[in-house]
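Everything on this sheet refers to the single structure shown next.
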Amino acid sequence: MNERVPVLAVDNLNVEFRTRSGVVKALENVSFHVNRGEMIGIVGESGSGKSVSALTAMGILDEAGRVTQGSINLGGLDVLNAPERDLQEMRGREVSMIFQSPRTALNPIRTVGKQIGDVLRRHGSANRQNVRAEAIKALMSVRIPDPERRHDAYPFELSGGMCQRIMIAMALSCRPELLIADEPTTGLDVTTQAAIMDLIKELAKERNMATVLITHDLGMAADYCDRIVVMHAGHVIEQAATAELFASPRHPYTAKLMKATPHGEGSLDDIESIAGGLPDLRAELPPCRFSARCERYEAACDMPALIADEVSPGHLVTCRRPL
Amino acid sequence: MSVLLEVESLKKHYVLSGQGPSDNPLVRWVRQRLTSAEDHTPVLHAVDGVSFEINAGESLGLVGESGCGKSTLVGMLARLSDKSEGRISFAGRDIGEVPSKVFHAEPERTDIQIVFQDPHESLNPRFTSFDTIAEPLKRLKGITDKAELTKMVEAVAEQVDLPKMLLSRFPHQLSGGQKARVNIARAVAVEPKLLILDEPTSALDVSVQAVILKLLVRLKNDLGMSYLFVSHDLNVVRLLCDRVIVMYLGQIVESGPAEEIFTRPAHPYTKALISAIPNAASAGNERVRLTGDPKSPIDPDPNACRFHGRCPMGEDKCSRAAPPQISVTADHYAVCHFAQPS
Amino acid sequence: MNEFFKHLRYVLTENPVTLFAGTLFLIFVIFALFGPLIVPYDPLASNASQTLKPPSWDHWFGTDQLGRDVFSRVLVATRLDLAIAISAVAISFVIGSVLGSLAGFFGGWTDKLVGRLTDTIMAFPLFVLAMGIVAAMGNTVENIVYATAIINLPFYARVARTEVNVRRNADFVLAARLAGNSSLRLLATHIYPNTLPPMMVQVSLNMGWAILNAAGLSFIGLGVRPPTAEWGIMVAEGAGYIVSGEWWLALFPGAALMLAVFCFNLLGDGLRDLIDPRRRT
């Protein structure tokens with residue numbers, strides 16, 4: 001595959017959810033892409049639409065959700081128009097996903113080795129004879145110590161970090177082009193979190209795999225990602241290479257998010273909260289969904305047709321009055 | 001500075017009777033006849049000899065990972081559970097001797113309060129914000145007059161910037177930040193001397209975290225409370241605490257002034273913790289990484305360092321002798337064979 | 001109170017099944033309260049010239065072997081059947097949930113004692129146990145109520161025990177302990193009220209069951225005695241006439257019985273929503 005063609009390209013995506021109390025405009029004009037070997041971070045607070053973007057890209061949007069506009073191209077497949085059979089083929093082979101709370105994602109009454117073996121056999125990379133050896137190899141690939149013994153362990157006998165390693169082993173067993181990690185370390189201890197993130201980064205590099213890290217932790221995204229996509233209330237408001245984004249955030253929300261995150265040095269006076277909350281996505285919304293919380297707001301911000309502006313190569317900002 | 005809380009060799013051991021040899025006397029008797037093996041019921045050392053103190057008006061940070069005994073320790077300090085051994089003395093009185101079941105009637109009940117981690121789970125779904133904040137005032141301060149109670153609840157709500165109109169709402173009608181405020185209001189309503197904050201911001205979005213942290217600092221100054229700030233978010237601990245203690249598998253491994261712990265950690269575990277903080281500034285730096293999982297807290301070897309096996313600098317002697325407590329500076333110590341006085 | 005009615009309206013309009021069950025329940029309640037006033041005939045008055053008449057304009061549900069109006073009897077029986085079921089369920093709810101709550105909260109020997117008691121009751125075939133109790137204590141309506149209450153006890157005790165147990169160390173309970181509540185007050189004001197929504201489902205299911213049970217006891221000749229109008233006896237008395245073609249004697253009381261059980265079974269979710277503040281918007 002051509003290096004220039006992104007593994008995943010989401011273009012102008014709109015997603016709505018029908019609920020009893022009205023239509024939630026969960027995503028609007030969301031565009032982003034991931035290249036081969038690249039790790040991007042989708043960062044935002046809860047309710048910003050990070051996970052919905054990822055689920056839609058996998059073609060596993062909830063029944064109540066509806067794509068009203070846009071296109072998703074995943075490894076050459078038009079996800080929104082492909083038949084379910086092709087999508088199933090794609091999931092696993094092209095793209096895999098890991099979630100938070102790995103322990104609940106594993107079957108509690110089967111040994112972890114067997115569960116890995118199931119996945120390996122389903123994808124044809126192992127047969128009845130060599131499944132045990134292949135599963136142990138997979139455990140080894142995610143740096144699980146003593147894989148022979150751990151192969152026969154049940155999920156409850158393993159720590160949360162160990163379970164997440166097993167989920168990673170399963171996700172990567174069929175060598176996907178793209179890994180989507182949805183808050184993979186939430187609920188894990190800091191040292192475990194660091195070890196898991198190191199592992200994901202290392203494996204991605206080794207396999208030249210594209211990775212999407214969904215997180216609320218700006219610090220973690222900065223630490224591991226090449227590029228960061230910032231979301232707020234269903235909009236992508238800014239995206240840029242990590243270093244550039246941190247050096248010169250252009251969207252007021254990004255800047256505020258950085259100021260709100262404690263970062264080691266400095267005192268409490270250096271961090272600031274962001275006034276207001278997310279707007280009600282069921283209501284009639286202004287073109288800029290941050291305008292109600294923004295200090296730089298002026299009448300021009302209410303003009304329709306707000307689009308992302310490329311302020312420098314690869315740095316897109318969706319704001320009429322960028323910093 | 002006067003000492004508010006003094007904890008000495010505090011221990012909490014759980015006898016795991018269900019997991020060892022049966023505690024049925026008949027089964028025991030038969031076992032003893034059949035085998036020569038000595039009966040031993042495994043014991044979980046949740047908190048194993050912890051000593052520290054909190055001064056009046058001080059913020060002490062308690063850092064450690066899940067399973068290190070933080071929560072058990074907090075439960076004992078707040079007198080929600082009973083200790084196995086040791087002393088908890090609060091403002092000069094040994095409150096550890098009072099069984100937790102009857103502690104609600106002690107005068108110190110008012111003085112020690114907790115703000116829990118999950119702002120939603122810690123509110124009774126059938127209580128309005130008003131009911132929740134009013135309850136400690138009724139039970140502990142004995143205020144029954146409705147008008148007076150309303151006045152006091154409204155005053156507390158104002159103190160924590162909780163709009164008056166939210167007082168009649170149920171928890172499910174409040175946002176995360178508002179629920180956090182209700183929890184804080186309940187805890188400070190009786191003006192405690194020691195407020196234990198159990199990960200008070202970990203369930204909140206970044207955008208509200210800062211307001212809540214600032215609110216906590218302001219309340220501390222206004223009401224002259226001491227804080228025991230339990231957290232795994234070291235960035236937050238660093239912002240709020242004067243002193244920090246680091247726990248690992250039921251024991252304190254390092255203790256000292258916050259700034260010193262963060263800039264010159266002496267214990268390898270503390271070093272690993274600090275270098276694990278995700279941070280834009282540290283991207284690409286060399287890191288201390290831990291391998292494997294912590295050892296089991298069940299029947300730990302008394303003659304070995306509990307961190308041995310995960311420790312990047314572990315040596316043979318670590319598995320043969322418990323590490324000594326070494327003073328790094330006057331008020332900074334680490335429990336490690338390799339710690340050096342500076 | 002106004003708040004409550006607003007919520008009641010919300011719960012009823014929210015779910016059509018609840019609305020249906022609620023309407024049905026209301027009809028039963030009206031019959032129970034005003035049955036004797038609105039029926040066209042005296043339910044006990046026999047009429048030798050009008051025996052075993054099929055349903056007609058004069059007698060909607062026909063007449064029985066003594067010429068009594070089946071429609072009037074079915075309607076009037078509502079009061080007795082509901083009264084037995086409601087009082088039986090009320091007794092077992094109160095005693096069962098208190099015992100279960102104590103067991104779930106304190107554990108230890110309290111738990112063991114309550115556990116043994118409920119296990120003992122559960123060990124019997126429940127209907128046979130109820131028969132035994134009524135036979136032993138005497139053949140009265142009161143004893144039907146007690147028997148039905150006793151056999152329902154374990155269900156409430158078990159649900160209450162589990163519901164209390166899972167909340168015993170919930171954060172909000174610990175917080176309430178810090179607010180100066182004693183253990184008993186904690187149980188009574190914080191834990192117990194939160195177990196009510198799941199208990200309500202149990203209550204409603206049990207209500208239907210209790211009606212069936214009371215009718216069943218009467219059917220086999222225990223408890224309510226003829227000529228009292230009661231669905232169970234009416235079905236029992238009418239059963240013999242089905243073979244000879246007089247189907248209306250057993251069908252209509254049987255249908256009323258079925259409808260009542262059906263109504264209570266559907267009512268469960270609505271009742272839970274009604275009592276759960278989280279459903280209030």
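Coordinate-derived values only; no laboratory data. Note that the coordinates shown come from a computational prediction; the quantities given were computed from them, not determined experimentally. Here the Cβ is made from the backbone with ideal geometry for all residues, glycine too, and neighbour counts use every protein chain on show.
Some observations on this one:
- Efficiency of FRET from Cβ geometry, A:Asp269 and A:Leu323, R₀ 22 Å, rounded to 0.05: 0.55
- Averaging the sequence gap over all C-alpha pairs within less than 8 Å and six or more residues apart, then dividing by the number of residues, gives region A:137-227 a relative contact order of 28 percent.
- Inter-chain Cβ neighbour average for residues B:122-131, partner chain, 10 Å: 5
- FRET efficiency for A:Asp302 and C:Asp119, using Cβ-Cβ distance with R0 set to 60 Å, rounded to 0.05: 0.30
- Shielding by partners - mean other protein chain Cβ count within 10 Å, residues of C:163-172: 3
- Cα extents for chain B along the principal axes, largest to smallest and rounded to whole angstrom: 70, 60, 38.
- When chain A is treated as a Gaussian network with alpha carbon springs shorter than 10 Å, the biggest mean-square fluctuation among A:Gly37, A:Gly219, A:Gly124 belongs to A:Gly124.
- Nitroxide proxy distance, nm - points 7 Å out along Cα→Cβ at C:Tyr241 and A:Gln88: 6.1 nm
- 15 Å beta-carbon shell around C:Phe155, net charge (K/R +1, D/E -1): 0
- Note: the protein assembly as shown, Cα convex hull, 247 Å³ per residue.
- Seen against the Cα atoms of chain B and their longest principal axis, helix B:25-34 is set at about 20 degrees.
- Label-to-label distance, nm, for residues given as C:Arg168 and C:Leu37 (7 Å Cα→Cβ offset): 5.1 nm
- Net charge dipole, region C:1-133: roughly 100 debye, given to the nearest 20, about the Cα centre with Cβ charges of +1 for Lys and Arg and -1 for Asp and Glu.
- Under the Debye formula (equal points on every Cα, no solvent term), log10 I(q)/I(0) of region A:101-175 at q = 0.20, 0.24 Å⁻¹: -0.73, -1.07
- Judged by the ratio a/c of the largest to the smallest principal axis of the C-alpha gyration tensor, chain A counts as prolate, that ratio being 1.5 or greater while a/b is larger than b/c.
- 5 angstrom amide H check on B:Ser81, placed H, neighbours 5+ away: B:Met76
- A:Asp198-A:Asp280 FRET efficiency (beta carbon distance; Förster radius 30 Å; 0.05 resolution): 0.15
- Among the chymotrypsin sites (Phe, Trp or Tyr not before Pro) in region C:1-106, those located in a DSSP loop and surrounded by at most 16 other Cβ atoms within 10 Å of their own Cβ are C:Trp57, C:Trp60.
- Centroid-to-centroid separation of region A:200-261 and region A:42-90 [C-alpha atoms, Å]: 20 Å
- For peptides C:234-245, B:183-194, B:44-55, C:43-54, sequence by mean Cβ density within 10 Å, most packed first: B:183-194, B:44-55, C:234-245, C:43-54
- Local electrostatic count, C:Ala103, Cβ distance below 15 Å [Lys/Arg +1, Asp/Glu -1]: +3
- Peptide C:59-68 - average C-beta neighbours from other chains (10 Å radius): 0
- Rounded to 10°, Cα long-axis angle of helix B:129-141 versus longest principal axis of chain B: 80 degrees
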